[in-house]
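Participant: One structure coming up, written as C-alpha cells, with questions to follow.
The values are calculated or read from the model by the stated rules, or taken from the named source; none is laboratory data. Owing to the predicted nature of the structure, the values given are computational and were not obtained by experimental measurement. Heads up, the Cβs are rebuilt from the backbone with ideal geometry, glycines too, and the neighbour counts pull from every protein chain shown. These accessible areas exclude ligands, DNA and RNA; they are computed on the full protein's heavy atoms, side chains included. Shrake-Rupley method; radii C 1.70, N 1.55, O 1.52, S 1.80 Å.
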Amino acid sequence: MTVRAILLGLIGALFIGAIGYLCPFFNLPPLTRGHLPIMIFAMLFVVMCAVNPLLTLAHRRWRLLSIEIALAMAMMLVACNIPSSGLMRHFSSLLVMPGHLNATNPGWRKNAVLSYAPPSALVAGGRNDARATDGYLTGLGDSEHSIALDQVPWDLWLAPLATWLPLVLLCALAVICLSVVVHPQWADREKLRYPIAELSTLLMAQEDGSLIGPLFRNKLFWVGAITVLAIRLCNLLYLWFPEHFMEIPLELDFTPLGWRYPYLQGMPDASFLLRPLIIPTAIGFTFFLALDISFSMALTGVLTPLILWAMVGADFDISGTFMGGGLREWQGFGSFLGYALILIYIGRRYYWDTLVQAVTGIPRSDVTPAGLWACRGLILVLGGMVLLLTRLGLDWPLAILVVGLTMLLFLVLARINAECGVFFFKPSWAVPGVLVGLFGSETLGPGMILIIGMVYIVLSSDPFEALIPYVTNGLRITSWFGGRPGRVGLSLAATFAITLAVAIPVGLWADYNYGKGVPEERVSEPFNATDRVVTQLSLVGQLNEVVNWTSVDRLAHMRPSHEFLVAAGVGFVLILIIARMRLRYAWWPIHPIILLGLGTWSMEKFGFSFFLGWLGKLVVMKIGGPKSYYNARYLMVGVIAGDLLGGLLYMATNYAYWLVTGLPGKTAILW
C-alpha cells in the first residue's frame, strides 16, 4: 500500500460521500446505484485505457501499479454505501421529521406514538421544533445565496447523531470483520468467481513493457465495447435531440399479448414479463457464471409473477410490508436462513477453527492471522451493537435477534453478489417483518416495534447499496494483486469512518440549504405500525400490561404466526433440497438463487437479460466449445465496458448541462 494509492482512494471516497448526496437536489444522475457504480467502474476503464498509458509516457515512475489502483478502487467502493440508499437517503428524515408528521397526524397524537421513541433518537426529542423542521422542509438558501454551515441547528442534532452514528460505525466494522473472516473460505477454498471483482482485475491487468494491458489488445473486446457504446450514444443523442435522431430500443413490447390474454395483465408484478428489458451489462455478466446460476436467475423473473398469480387465484393474501411481513417476505427469510446455514456447513471446519482460536488462543490449523483478528473484532463489535440497542430501549433478546438477523441478511447478500454477480439486488424480507411474524405485533408492543423499525431503516433499509458486497469485492480485487486482507480491511474501515465524518455535515447542510421536502412513506411506516399496535392493544385493554412487560414476559408470550411458520418453513426446506441436489448431482440445473431472488423486483427487472446471456453462453459452448467460450468472454467484457462507458456519458452530459445552464438535464439511468 503506497501513499499515493491511499490519497487517491481517500479523495475519491470523500468526493463520493459528499457530492453524491447533493445529486438529487439538482435532479442529477446518482453517483452510486447498486453494487456496480457506473462512475467508478467506467472511470476504471478510462484510467486503464488512457490515463495510465499517458502517465507512463510522461514518466515511468508515474505509472499507477495494479495494486495501487485496486486499493484506491476498494476505498471508493465502501464510500458508495453512505450518500444514497445505503444510509443517507432516509437517515436525516427519520430523525427530524417525526415531530412534524406528528403535528399533522391526529391518530399519532391520540395514541402518543412519539412517546414510545427514545427522546435521544429524534431531533429535538421528537418535538415539532420550527428551527429543526421549517428549513429542512423548504430550505433556507436561495439560487443566489447559500446558507452558512452554522445556520444548521446543530444543537438539536447532536443528541440523535450521538445516538445513531456509533451504531452505524459498529455495523460497518462488523461488516468489514465478517468479510475478512469469510474471505479465505470463499476466495481460496470454494474459489467463488466474484464476477464484479473478476471484471475489475481483467481491466486492471498490466504487463511490463506495454502501455496498455492485455485486455485492451484483444480485438473481440473492442468489438463488444464499440458496438454497445454506439447503441448508448445513439440513444443519448435521441434523449437530447429526439427530432433529429432515432432510438435503438432496449425494451421489447409484448403488451398485445396482454390484450389477447387478459390474465397476463392481471398477474402481480408482471410488468417486466410484458415489457422485458435488454440490459447489456447483465447479459455480459452471465458469461462469468455457471449455466445453472444464470438459468436460475432467468427463471426467477418468470416464476415470481406466475406464483403470485396462482396464489391470488387461490385466495392467498400476498400483501406485505417491511414492518409487518407477509407470505413472500417470510418465504424469502426462510430461504436466506437455510442458505446461511448451508454456507456455514460448507465452511464449518475453517469457521470453527477460527472461532476456537479467537476465543481460546489455542492454535488451530488453516487459520489466517487476518481472519483470526477479524473474528475477535467481530465478536466485540456485535456485542457493542447489542449493548447500544439495549441502551436505546430494546429488550436484550430482541437486540440479539436484530443484530443476528441483520448480519444474516448481509452475509447471504454478499454471497449472492460473490457467487452470482447480481449487482442490483434487494431481498424480499426485512428484519421488522420477521420479528412481527415470530413474536406477533401485540407481543412486541409499541416501543419495541418502533425501535426495531427505526434501526432497520438506519442499518439496512435499501440493501441494494449495502456495504458488505462493496467490501467483499474490494478484498477480492486487492488480494488478486497481492494485497493483504487484514491491512486492506483496516484501510476500508478508516475510509468509511472518515467519509462518514465528512458526509454527515455536508448532507445536513444540503438538507437545510435546499430543503429535503416531505419524506417517503418508508420513514413514517415504523410510526404508523406503532400507531396500529397501540390501537389494537387499547381495544383489548392490554396496552399498559404489554408496555410494562420484561424481557422474560415477552419471550413467554411469544406467539409465532402460523402463516409465518409455514411460509418460512417452505422457503427453508426448499432451499435445503435445492442446495443438496446441486451439491450431489452434476446434472442438477437449479441454483438456490431461484428462491433467494423469488419475489424481488430486481430479479424480475433483470430476468430477461439473464435469459439472453444464459442462452448465448449455452449456444457458444455447444457449438464452439471451450475455446469459443474463452474468446466470447473477452467480447462480453467489452459489452460491459461499453455499457458502463455509455452510462458515464449519460451522467457527464447531465452534469455539463447543469453546470452551464443551472437547469436539470434529462436524467437516464442504465438500471
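Participant: For segment 1-159, build the convex hull from the C-alpha positions and give me its volume per residue in Å³.
Facilitator: That works out to 171 Å³ per residue.
Participant: Sticking with this one: Could you work out how much longer the chain between Ala58 and Ala130 gets when fully extended? Use 0.36 nm per residue separation minus the Cα distance between them, nm to one decimal.
Facilitator: 20.2 nm
Participant: Express the relative contact order of segment 164-265 as a whole percentage, based on alpha carbon pairs under 8 Å and six or more residues apart in sequence.
Facilitator: It rounds to 9 percent for segment 164-265.
Participant: Considering only protein heavy atoms, what per residue accessible area in square angstrom results for segment 259-311 with a 1.4 angstrom probe?
Facilitator: 40 Å²
Participant: Answer rounded, prolate or oblate for segment 389-521, using the Cα gyration tensor with square roots of eigenvalues a ≥ b ≥ c: rounded when a/c is under 1.5, else prolate when a/b is larger than b/c, else oblate.
Facilitator: Oblate shape, in that a/c is at least 1.5 and b/c is the bigger or equal ratio.
Participant: Carbon and sulfur: what percent of segment 106-203's accessible surface (1.4 Å probe)?
Facilitator: Its accessible area is 58 percent carbon and sulfur atoms.
Participant: I'd like to compare 527-537, 70-80: which one has the highest average count of other Cβ atoms within 10 Å, and what's the full order after that?
Facilitator: Packing proxy ranking, top to bottom: 70-80, 527-537.
Participant: A further question on this structure: Remind me, relative contact order of segment 402-548 in percent, using alpha carbon pairs under 8 angstrom and six or more residues apart?
Facilitator: With pairs under 8 Å counted, the relative contact order is 35 percent.
Participant: Between the alpha-carbon centers of segment 615-670 and segment 536-572, tell me the distance in whole angstrom.
Facilitator: Each part reduced to its Cα centre gives a spacing of 49 Å.
Participant: Taking K and R as +1 and D and E as -1, what net charge do the other residues with C-beta under 10 Å from the C-beta of Glu465 add up to?
Facilitator: +2
Participant: May I pose another question? Among residues other than Phe610 whose Cβ falls under 11 Å from its Cβ, what is the net charge (Lys/Arg +1, Asp/Glu -1)?
Facilitator: Taking every Cβ under 11 Å from that of Phe610, the sum is +1.
Participant: Considering Cα pairs under 8 angstrom that are at least six residues apart, work out the relative contact order of the chain and quote it in whole percent.
Facilitator: After rounding, I find 31 percent.
Participant: Also: With a ≥ b ≥ c taken as the square roots of the eigenvalues of the C-alpha gyration tensor of segment 534-588, please select rounded if a/c is under 1.5 and otherwise prolate if a/b is larger than b/c or oblate if it is not?
Facilitator: prolate
Participant: In Å, the Kirkwood hydrodynamic radius of segment 304-453 over pairs of distinct alpha carbons?
Facilitator: In segment 304-453 this quantity evaluates to 17.6 Å.
Participant: Taking a ≥ b ≥ c as the square roots of the eigenvalues of the Cα gyration tensor of segment 245-342, is the shape rounded (a/c under 1.5), prolate (a/b larger than b/c) or oblate?
Facilitator: It comes out oblate by the Cα gyration axes.
Participant: Give me, ordered by chain and number, the residues 5 or more places off Gly599 or on other chains with an amide H under 5 Å from its own placed amide H.
Facilitator: Thr304
Participant: For segment 183-258, with only Lys/Arg (+1) and Asp/Glu (-1) charged at the beta-carbon, what is the dipole magnitude about the Cα centre, in debye rounded to 20?
Facilitator: For segment 183-258, the charge dipole is close to 260 debye.
Participant: Output the peptides 380-390, 193-203 sorted from most to least packed, where packing is the average of other Cβ atoms within 10 Å over each peptide's residues.
Facilitator: Sorting 380-390, 193-203 by mean packing, highest first, produces 193-203, 380-390.
Participant: For every other residue with a beta carbon closer than 13 angstrom to the beta carbon of Thr281, add +1 if it is Lys or Arg and -1 if Asp or Glu, then tell me the sum.
Facilitator: Residues close to Thr281 contribute a combined charge of +2.
Participant: Probe of 1.4 angstrom, ligands and nucleic acids ignored: what's the accessible area per residue over segment 13-96, in square angstrom?
Facilitator: Roughly 31 Å² per residue, with all protein chains present.
Participant: Place a +1 charge on the Cβ of each Lys and Arg in the chain and a -1 charge on the Cβ of each Asp and Glu, then give the dipole magnitude about the Cα centre in debye, rounded to the nearest 20.
Facilitator: Roughly 1960 debye, rounded to the nearest 20.
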